[in-house]
Structure formats: structure tokens, C-alpha cells
Amino acid sequence: MTRCLPLSRAIAVLTALALLFLQLWSAAPIQAALVTSAQAFSQVEADDHRSRLRTLLDRDDICRQLQQWGVDPAEAQARVDSLNEAELARLADRLDSLPAGSGAIEVIVISALIVFLVLLFTDIAGYTDVFPFVR
């Protein structure tokens, strides 16, 4: 047992020195702060906007259009990644406000109404005889 005592002391000293070195080497200043719900939500919202823009940039038709304009899709992806939260929110709001195929029914209804009115007025004026209820 006396022979093991110097060996166990040496191991204990080496272990203590290794732990001390590890503690001093990895001791970086750590700061903690409270994160409000608004801050957490804005980060989640920014990540959502960024992923939505990435999904748009991954579409083939958008990639082709970007290439026609002379913009490399990889460069556009890198620019989206470098946007801050305010720029992402502004771009997402702008994308939400753009008409994406909306208004087709309104155009058809308005066009049909204009055609009806033109035919009605020409029928009243006596140039056409389209509607039997107009005399």
C-alpha cells in the first residue's frame, strides 16, 4: 500500500492541475440576461420570414427570372441570409401586399358588366337588337 501512495498522489496532482488548467482556459466571461417575449417572438418571426424567402428563391421559375435579370440565385440567397430583422419584416410585408393572381374574378365581372352596359346602351339607341326587353 505504501508503494501505491506516491503513484496515487501523482495522479491526484496531475488531475488537479489538468482541471485547473481546463477551468482557466475555458473560463470565458458569461453574461445572462432576461429575454422578453417580444424579443423571442421577433427572432422566431425573422426566422420564419427568412425561411419563407429561401423557399421562394428555391423555386425554379423564380431562379429562371433572376437569371434573366442577371442575378445569381446563390448571391440572392446570400443577401437574404444577411438581412436584419427589420429588413426581413419589411420585405415580407411587401410580399404579402403584392397581388398573386388575385383580382381575376373582379376583372371578369367588371368586363362582363361593361359589355352588358355597352350592349344595353346600343340597344336603347336602336343600333342593335340584342335584348328583347328593351324597346
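Data for the structure
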{"quantity": "When residues of the stretch 27-47 are limited to those that are polar (S, T, N, Q) and over 23 Å from residue 93 (Cα atoms), the one surrounded by the most Cβ atoms within 10 Å (Cβ to Cβ)", "calculated": "36"}
{"quantity": "Sole residue being under 28 Å from residue 46 (Cβ atoms) and either surrounded by 14 or more Cβ atoms within 10 Å (Cβ to Cβ) or at pLDDT below 85 (or both), chosen from 85, 106, 75", "calculated": "85"}
{"quantity": "Residue 27 over 30 Å from residue 134 (Cβ atoms), within 19 Å of the chain's Cα centre (by Cα), at pLDDT below 80 and not in a helix (DSSP H, G or I)", "calculated": "no"}
{"quantity": "Some residue of the stretch 10-17 being surrounded by 12 or more Cβ atoms within 10 Å (Cβ to Cβ) and not in a loop (DSSP other than H, G, I, E, B)", "calculated": "no"}
{"quantity": "Pairs where the first residue, in the stretch 51-69, is part of a helix (DSSP H, G or I) and the second is among the polar types (S, T, N, Q), C-beta under 6 Å, 6+ apart", "calculated": "57/77"}
{"quantity": "Residue within the stretch 48-62 that is out of contact with any Phe, Trp or Tyr (no Cβ under 9 Å at 6 or more places or on another chain), more than 18 Å from residue 92 (Cβ to Cβ) and surrounded by 10 or more Cβ atoms within 10 Å (Cβ to Cβ) present", "calculated": "no"}
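The values are calculated or read from the model by the stated rules, or taken from the named source; none is laboratory data. Everything quoted here is computed from the prediction, not taken from an experiment. With ideal geometry, Cβ positions are generated from the backbone for all residues, glycine too; neighbour counts draw on all protein chains shown.
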